[in-house]
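Worksheet: the structure to be examined is printed underneath.
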Amino acid sequence: MSKTFLSVVSTKIAGADRLWRDRPEAMRASVELLLGRLDSALQVHDGRALLCNEGGHLAAFDAPLGALRWCLNVQRSLLEVAWPDALLEHPDAEAIHSDDGVLLYRGLRVKMGLDLGKLFERRAPFSGEVRHGGRAIRRATTLATFAGAGQTVVSVGVHHYIGKEAWAEFEPSVLELHEFCGQTRLSESGFVVLPAELAERRAYSVSGEPLRRSNLPTFHTNFVDRSVELARLAERIGAASRWITLVGPAGAGKTRLAVEFGDQWLEERAGVAAEAWFCDLTAARDVGAALAIIARAVEVQLPASDDPVRAAKAIEGALGGRGEVLMVLDNVEQLAGVEPSEQGGSLAEMIAGWIDAGPGVQIVATSRRSFGHERECVQSVDSMGEDAALALLVDRLFQARGAHVGFNESDHAALREIATQCARLPLAIELVAAGGKLLSPTELLDAWSEHAAARTGSQLEQAIERSWKLLKPWERRAVAQCASFEGGFTVEAAEQVLELDAPEAPPIIEVLEALHSHSLLRSPPGSESATRARLSLYEPVREFVRARQSGEALDAAARRHASYFCEWGQNQMALLDTEGELEAVRRMTEELANLQQALRQCVADEPARAVRLVVALSELDRRIGPLPGQLERVEQAVALAEALSDPQLEILAFEARARARQWLHQHDQARDDYAAALSLAEDAVEEEGDPTFQIAPLIGLASVTHRLGQHSTTEEYVHRALELVEGSTTPEEVTVLQQLGVLHSWRGERDEAARYLHEAQICARRIGNPSALAEVLALYGPAITAHFRYDEAERYMEEALEIFTALGNRRKMVVITFQLAFVYIKTGRPEQAERAYGRALEIIDSAGLTKADRGAVLRGRGEARFWRGHYAQAEADLTEALSLIDAGAVVRALYARLYLAASLAMLDRHAESREHFERAAEQLDETELPTERALARTLEGYLMAALARMAHAEEDVTAAVTALQKAYAGVEAGENSSHTAVQDEAERLRAYLDELVATGAVPALDADGEPDLEVAADARWLEVKGEERVDISRRGALKRILHALVERRLTAPGEPLSLDETLEAGWPGEVIMPEAGARRVYTTINRMRDLGLQDILVTTDDGYMLEPTKLVRRDSQ
């Protein structure tokens, strides 16, 4: 078997099933033409075919750029093929031209997926056929499945590998993040690439095939027949239970059986959306750790809590909306007998909840013992059948020898006996085969039988012991020390931790290769990497060596392990703020079990190192969290740092605990921790003169006080931090500039906000740190939409989305997708906005995000649907949003309620609409939210318009005019707002009202004609229709009263100014006797009528007002 790192292209025919059904003869000829064209193009681009038949085509290339060039050239050339006429008559192969006459499709249409990774070649033991495997093949095939007809979809890994410069120099093509029409969820993000001349294929090529997601591992050896067990498992998981636990001894092949079943389960669900997830729980010491592993595997965002029950519920909620889901929970024996603890429930109860989440959820667990739960169905997995065990031994001998060797009858008899003596356990057979490279079957049997009398224990233990005895002394020491690793290890780590104590010993890597050839070490399923191999001990081997090695030797290895991973974790943490962040996050996540094991060791032996390792884990937490035991770790770090009386460590520990508390929304406690860190940092400045320790606490205090609404304090902290970081070109400077942008945005100072965020973006690009850049772009994109730079904003948001997708930050993915939807709306793409909201909701549901997250997206979609005139759908979204938004999120709740009220008004449900507007007014009276107040007055215009329509239909002209005047008053309130979104809403309302007038649905007010009364903005002059303008700038009381009357007329038509209000408007602050005040008002009102207002200014029982049926306009200048 050989391993090679290559680029892989999977090619599928769009609509193949229909074409084979309707045009079988033409398809046979067409497929020959297609395969010929694919292969001839391979020769030009230095590729080779891995699979070439009617079912599909796989090709491999040394470099992804060559692979992509091949894809685009094939897409172009297929337009020129002389396809059979019968094929071209079919709808799935007919010619299609663009509006400009460009030929987009003609003949077979292929869908291509491109990925890169390690491929495995192995030869079947009996047929000698070469087979290829590897995750890259699976991912490329998935991407091809969801490409549209005539599209090529490349993975994010390929996109990064090629690099921006190469993309810029590449042949002109359309490159965009693949959307998949919001129909499915993707485990691998992809980019659509089309030849520039065929860019309009985007309008036609939409994939309707359902997604099949999986992380099932690829094994590097053949699966040898266990058809009886597979058939039984397939039969029972549907009929007996949706939770099957495969129970059997170590080495019985439970994991391999479960994964093979998963592969078959997926294949049987071709044509439906299905997911299969592999969760290796070997390193999980408790339920919390197991849930974190499961959540990462199934792509669920755990809640900001250390409560395992909440974490399990998040997974349950995510699974419930996914349809067909299979979860393989591997090696759960250490958790199978655990009873519910004070901290949370048992894993068994959680699994029972998961299978109740939805009818399509099924679980296969592997364990040495059952859970004993009433919902569990147990299937025993023991020895293989006699023929299957023999076939496995033969296959593994071929693999060990690297050649296909023929065996005679006596050889087969010896091999059969060996398999029997191994109790036909797969792992025991593999161990024996690994030691039989140079022995004939008879010699191997003799060697096995030679020590029969001395052997004790199970057949597996005997096989391990025999392999142990074949090892050289330094190889035994290496195996024993490998037991100190948790969850696997790299060669790099082994070279630092293992001590062979033998001058004659070869290099560590050669020792590891020898142990791997003896089947004592394994490559964990799915662990192939382009840059480093990963190894681990089989659990039975780990147990064997731990039982036979002295505690002192193991303790020494454990100390070296802890020392190495503490230093390694510090080095990786330093990379988190550089361009190497994504790789550092991946590696730290991969080594999480080792880092946690090192922390447990260091707490007692090296507490200072333990504190620094907690800080490193908290930085990982910030990017992919929450990790299990987050708060417990940082509490321990604070206690250790205080016990050591080391100010620097105390600063780091307080900061780590503050970040954890922020994640858990404990903002007051987080502020106290940051304040404690800042106090220690200020003391350090006095003693050492180094102000840099203040930076992180100041940034943290700025963040948490802004969240607490203490904005003046926020500004103080931000500017103090700016003095320390300005010009440093560090991630800290990026964060401070970003905070300044947010602060100015909150104040409504859009230009200043955009300027600071632009500076932050430039700084982040210079540093090259992905998450710092993404955080800035996520703010900068929306900020520049206020300046109508929508195309630029869209590019920035898509770049941020790509980074957050690569980091696996699903909450940020939701936020960016939500913001992109807004851009789509503003640029006239409502259908695309609808799909974006749908994608955001799918991410929320599948990733287990909070109800508040879902409420925010539903609110956004409800507003968008209101703008599109889909009022019933808007009502449904906004009603659900109101029920989900947190009580503390006042602004979000206000927006949802206001748009719900407007939607109800448009549905002519006036009483319900008025009720919601009144409740919103109560909330606004308790807060200082001028923008939201203006929006409320604008949106209430829709209710006034609805009342005007109703009154006009009932021929009540006065009521109709009054209501319509109030509606136009809402327009003016919005137009006078400083916020562009409210101005936009006013523009939409004006257009709607004008349409009502134009169609006769309401009485005409001559809104665009000459007003009955026009008044200056400050009332310094007035002009009655048909009369000359009158200057009243020197008539103080009269001018002020007229200003108040116009304001009341425009904001509340039909509502008079009372006598007291009129008096206060004319003579503000004066103490006047009632009778004298009434005389002043009476005299002034008469003077106003003498100026031409006799038909406009009316007296009512409650005071004075301008006639509602008269058109009054206030000059804006």
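The values are calculated or read from the model by the stated rules, or taken from the named source; none is laboratory data. Bear in mind that the values here come from a model prediction, so they are computed numbers and not experimental data. Because the Cβ atoms are built from the backbone with ideal geometry, glycine has one as well, and the counts that use them run over all protein chains shown.
In segment 113-127, which residue that is in a loop (DSSP other than H, G, I, E, B) and not hydroxyl-bearing (Ser, Thr, Tyr) is modelled with the highest pLDDT?
Residues of segment 113-127 in a loop (DSSP other than H, G, I, E, B): 124-127.
Applying the additional criterion that residues be not hydroxyl-bearing (Ser, Thr, Tyr) yields 124-126.
Values: Ala124: 45, Pro125: 42, Phe126: 39.
Looking at residues that are in a loop (DSSP other than H, G, I, E, B) and not hydroxyl-bearing (Ser, Thr, Tyr), I get Ala124.
In segment 524-554, what residues are closer than 19 Å to Glu590 by Cα and either modelled with pLDDT of 75 or more or over 30 Å from the mean Cα position of the chain (by Cα) (or both)? Before you say what the answer is, go through the steps one by one.
First pass over segment 524-554, keeping only residues closer than 19 Å to Glu590 by Cα: 524-539.
Once the filter is applied, which keeps residues that are closer than 19 Å to Glu590 by Cα and either modelled with pLDDT of 75 or more or over 30 Å from the mean Cα position of the chain (by Cα) (or both), segment 524-554 yields Arg534, Leu535, Ser536, Leu537, Tyr538, Glu539.
Just checking, which of Ala911, Ala905 is surrounded by fewer than 15 Cβ atoms within 10 Å (Cβ to Cβ), of a type in the set (A, V, I, L, M, F, W, C) and either assigned to a helix (DSSP H, G or I) or free of Cβ contacts under 8 Å to residues at least 12 places away in the same chain (or both)?
That would be Ala911, the only listed residue that is surrounded by fewer than 15 Cβ atoms within 10 Å (Cβ to Cβ), of a type in the set (A, V, I, L, M, F, W, C) and either assigned to a helix (DSSP H, G or I) or free of Cβ contacts under 8 Å to residues at least 12 places away in the same chain (or both).
Working only within segment 555-595, note down all residues that are more than 20 Å from the chain's Cα centre (by Cα) and of a type in the set (S, T, N, Q).
Ser563, Gln570, Asn571, Gln572, Thr578, Asn594 - these are the residues of segment 555-595 that are more than 20 Å from the chain's Cα centre (by Cα) and of a type in the set (S, T, N, Q).
Can you tell me which residue in segment 1058-1117 is nearest to Thr958 (Cα to Cα), limited to those that are of a type in the set (S, T, N, Q) and touching a residue at least 12 places away in the same chain (Cβ under 8 Å)? Can you show your working first?
Within segment 1058-1117, the first condition is being of a type in the set (S, T, N, Q), and the residues that meet it are 1058, 1062, 1083-1084, 1086, 1094, 1099-1100, 1109, 1116-1117.
From the residues that got through so far, the ones that are touching a residue at least 12 places away in the same chain (Cβ under 8 Å) too are 1058, 1062, 1084, 1099-1100, 1109, 1116-1117.
On the way: Ser1058: 21, Thr1062: 25, Thr1084: 28, Thr1099: 17, Thr1100: 15, Thr1109: 7, Ser1116: 27, Gln1117: 31 Å.
Among them, the one singled out is Thr1109.
Can you confirm whether segment 459-477 contains a residue that is over 27 Å from Ala391 (Cβ atoms), in a loop (DSSP other than H, G, I, E, B) and modelled with pLDDT under 75?
No.
Scan segment 204-227 and report the pairs whose first residue is over 21 Å from Asp280 (Cβ atoms) and whose second residue is among the aromatic types (Phe, Trp, Tyr) and modelled with pLDDT under 80, with Cβ atoms within less than 8 Å and a gap of 6+ or a chain change.
Filtered contacts from segment 204-227: Ser207/Phe146; Ser207/Phe180; Glu209/Phe146; Leu211/Phe146; Leu211/Phe180.
Looking only at residues in segment 644-672 that are within 10 Å of Val611 (Cβ to Cβ) and without any contact (Cβ under 8 Å) to a residue 40 or more places away in the chain, which one is nearest to the chain's Cα centre (by Cα)? First the steps, then the outcome.
Let us first name the residues in segment 644-672 that are within 10 Å of Val611 (Cβ to Cβ), namely 644, 646, 648-650, 652-653, 656.
Adding the requirement that they be without any contact (Cβ under 8 Å) to a residue 40 or more places away in the chain leaves 644, 646, 650.
Working: Leu644: 40, Asp646: 39, Glu650: 34 Å.
Among residues in segment 644-672 that are within 10 Å of Val611 (Cβ to Cβ) and without any contact (Cβ under 8 Å) to a residue 40 or more places away in the chain, the one nearest to the chain's Cα centre (by Cα) is Glu650.
Does Gly1054 count as surrounded by fewer than 12 Cβ atoms within 10 Å (Cβ to Cβ), within 60 Å of the chain's Cα centre (by Cα) and closer than 30 Å to Ala934 by Cα?
Working: surrounded by fewer than 12 Cβ atoms within 10 Å (Cβ to Cβ): no; within 60 Å of the chain's Cα centre (by Cα): yes; closer than 30 Å to Ala934 by Cα: yes.
Against the criterion (surrounded by fewer than 12 Cβ atoms within 10 Å (Cβ to Cβ), within 60 Å of the chain's Cα centre (by Cα) and closer than 30 Å to Ala934 by Cα), Gly1054 does not qualify.
Do we have Ala864 as under 24 Å from the mean Cα position of the chain (by Cα), surrounded by fewer than 19 Cβ atoms within 10 Å (Cβ to Cβ) and part of a helix (DSSP H, G or I) here? Break it down stepwise before answering.
Values: under 24 Å from the mean Cα position of the chain (by Cα): yes; surrounded by fewer than 19 Cβ atoms within 10 Å (Cβ to Cβ): no; part of a helix (DSSP H, G or I): yes.
So Ala864 fails the test.
If I filter segment 797-836 down to residues being farther than 21 Å from Gly580 by Cα and among the basic types (Lys, Arg), which single residue comes out as surrounded by the most Cβ atoms within 10 Å (Cβ to Cβ)?
Of segment 797-836, the ones farther than 21 Å from Gly580 by Cα are 797, 811, 814-836.
Going one step further and asking which of them are among the basic types (Lys, Arg), we end up with 811, 826, 829, 835.
On the way: Arg811: 16, Lys826: 15, Arg829: 14, Arg835: 19.
Per the criteria, the residue is Arg835.
What is the one condition in (1) β-branched (Val, Ile, Thr); (2) within 20 Å of Arg586 (Cβ to Cβ); (3) assigned to a helix (DSSP H, G or I) that Thr282 does not satisfy?
Of the numbered conditions (1) β-branched (Val, Ile, Thr); (2) within 20 Å of Arg586 (Cβ to Cβ); (3) assigned to a helix (DSSP H, G or I), the odd one out for Thr282 is (3).
Check off (1) modelled with pLDDT of 85 or more; (2) within 36 Å of the chain's Cα centre (by Cα); (3) not acidic (Asp, Glu) for Leu943 and give me the number that stays unchecked.
With (1) modelled with pLDDT of 85 or more; (2) within 36 Å of the chain's Cα centre (by Cα); (3) not acidic (Asp, Glu) applied to Leu943, the lone miss is (2).
Having 1 or more residues that are farther than 19 Å from Ser467 by Cβ is the bar; report the helices (runs of 4 or more DSSP H) wholly within segment 366-435 that clear it. Don't jump to the end; show me each part of the working.
Values: elements: 386-401, 409-421, 426-434.
Here the list reads 386-401, 409-421.
Looking at segment 248-296 only, could you name the residues that are within 22 Å of Arg226 (Cα to Cα) and hydroxyl-bearing (Ser, Thr, Tyr)?
Residue satisfying the conditions is Thr255 alone.
Sort through Leu38, Leu78, Leu87, Leu50 and tell me the only one that's at pLDDT below 90 and crowded, with 19+ Cβ neighbours inside 10 Å. I'd like the intermediate steps shown before the answer.
Details: Leu38 fails: at pLDDT below 90; Leu78 fails: at pLDDT below 90; Leu87 fails: at pLDDT below 90.
Every option except Leu50 fails the conditions.
Please identify the pairs in which a residue from segment 231-242 that is at pLDDT below 80 has its Cβ atom under 7 Å from the Cβ atom of a residue that is outside any helix (DSSP H, G or I), counting only partners at least 6 apart or on another chain.
Between residues of segment 231-242 that are at pLDDT below 80 and residues that are outside any helix (DSSP H, G or I), the close pairs are Ala240/Cys377.
Per-residue answers, yes or no, for (1) in contact (Cβ under 8 Å) with a residue 60 or more places away in the chain; (2) within 18 Å of the chain's Cα centre (by Cα):
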position	(1), (2)
Gln761	no, no
Ile767	yes, no
Ala772	yes, yes
Leu777	no, yes
Tyr780	no, no
Thr785	no, no
Phe788	no, no
Glu792	no, no
Tyr796	no, yes
